[in-house]
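To start, the structure itself, in structure tokens.
What follows draws every value from the coordinates through simple rules; no lab data is involved. The structure presented is a predicted model; accordingly, all values stated were derived computationally and were not measured. Glycine gets a Cβ as well: all are built from the backbone with ideal geometry, and neighbour counts include every protein chain shown.
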Amino acid sequence: MAAHPRGPMIAPSILSADFAHLADEAAAVGGADWLHVDVMDAHFVPNLTLGLPIVESLLKATTIPIDCHLMIENPERWAPPYAEAGAHNVTFHAEATDNPVAVARDIRAAGGKAGLAIKPNTQLDPYLEILREFDTLLVMSVEPGFGGQKFIAHVLDKARRVRKLVDAGELTVLVEIDGGINMETVESAAEAGVDCFVAGSAVYGADDPAAAVEKLRALAGAASAHLEH
């Protein structure tokens, strides 16, 4: 199970990076906790990004733990190989499979941490019981598929509910949020109980990506009682 983080975790999203220079873009955020990699298949979401060969190359190019977010159909087939390749955390969508627990167990058996992602309008209730099988819950705060979208605030209710369960000792899942996270929204997400913040354009659109990571971490830490800092 996921250990309770010591302070806010920042996971820059390479969806906003320069795909022609991914090794350099990873190096530009050397202080990041995770490097968030969006895998899209043009079926589950209407966009196509990158796949396992690129992830394997990134794993050789950086020591930052890779956080794979699989916005794909058939995660039971495709998710375990990312863990086998060395991805630290492999997250798939609840909406993409009828048997999320089996996928989570396969990811863990392959050596990775297992994450469950839920879209903004997907209800949390059907999945609360199975969160014990997961290391990470990824709350989507935009519709998955494209970067640069506006933050959807109502999803923070999901983070609050899971935070209460974690604080009560009923779950040990790490709460991650993805979509529209920037200097204006990171504090409200932290207040809601988020542990790990995925940020794309807020990091890679900045003049100094490494400084943007540290600023996001400081804002989140100051806003949240549950994050040690």
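Here is how the numbers come out for the structure above:
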| read-out | value |
| --- | --- |
| Cβ-placed point charges (K, R +1; D, E -1), dipole of the chain about Cα centre in debye, nearest 20 | 360 debye |
| Global geometry of the chain, whether rounded, prolate or oblate, following the gyration tensor of its Cα atoms and the 1.5 cut on a/c | rounded |
| Global form of segment 142-202, assessed from the alpha-carbon gyration tensor, a/c cut-off 1.5 | prolate |
| For ALA220, net neighbour charge (Lys/Arg +1, Asp/Glu -1) across residues whose Cβ lies under 10 Å away | -1 |
| Point-to-point label distance, GLU95-LYS150, nm (Cα→Cβ direction, 7 Å offset) | 1.9 nm |
| Positive-end residue of GLY221, LEU22, ILE118, charge dipole of the chain with Cβ unit charges | GLY221 |
| Gain upon complete extension [HIS21, GLU84; 0.36 nm per residue less C-alpha separation] | 20.2 nm |
| ³J(HN,Hα), Karplus 6.51/-1.76/1.60, whole Hz, each residue of segment 63-79, x for Gly, Pro | 9, 5, x, 8, 10, 8, 10, 8, 9, 9, 7, 6, x, 4, 8, 9, 5 |
| Pairwise Lys count, segment 9-223 - Cα closer than 23 Å, eight or more residues apart or different chains | 8 |
| 10 Å beta-carbon shell around LEU35, net charge (K/R +1, D/E -1) | -3 |
| Cβ-defined net charge surrounding GLY115, 10 Å radius [Lys, Arg +1; Asp, Glu -1] | -2 |
| Anisotropy class of segment 28-101 from Cα gyration tensor, a/c 1.5 cut | prolate |
| Extension gain (nm, one decimal) between THR63 and THR172, 0.36 nm per residue minus Cα-Cα | 36.7 nm |
| Highest-MSF residue in the chain out of PRO144, PRO75, PRO53 [GNM, Cα springs under 10 Å] | PRO53 |
| Top positive-direction residue, dipole computed over segment 28-107 with Cβ charges, set PRO75, VAL103, ASN89 | ASN89 |
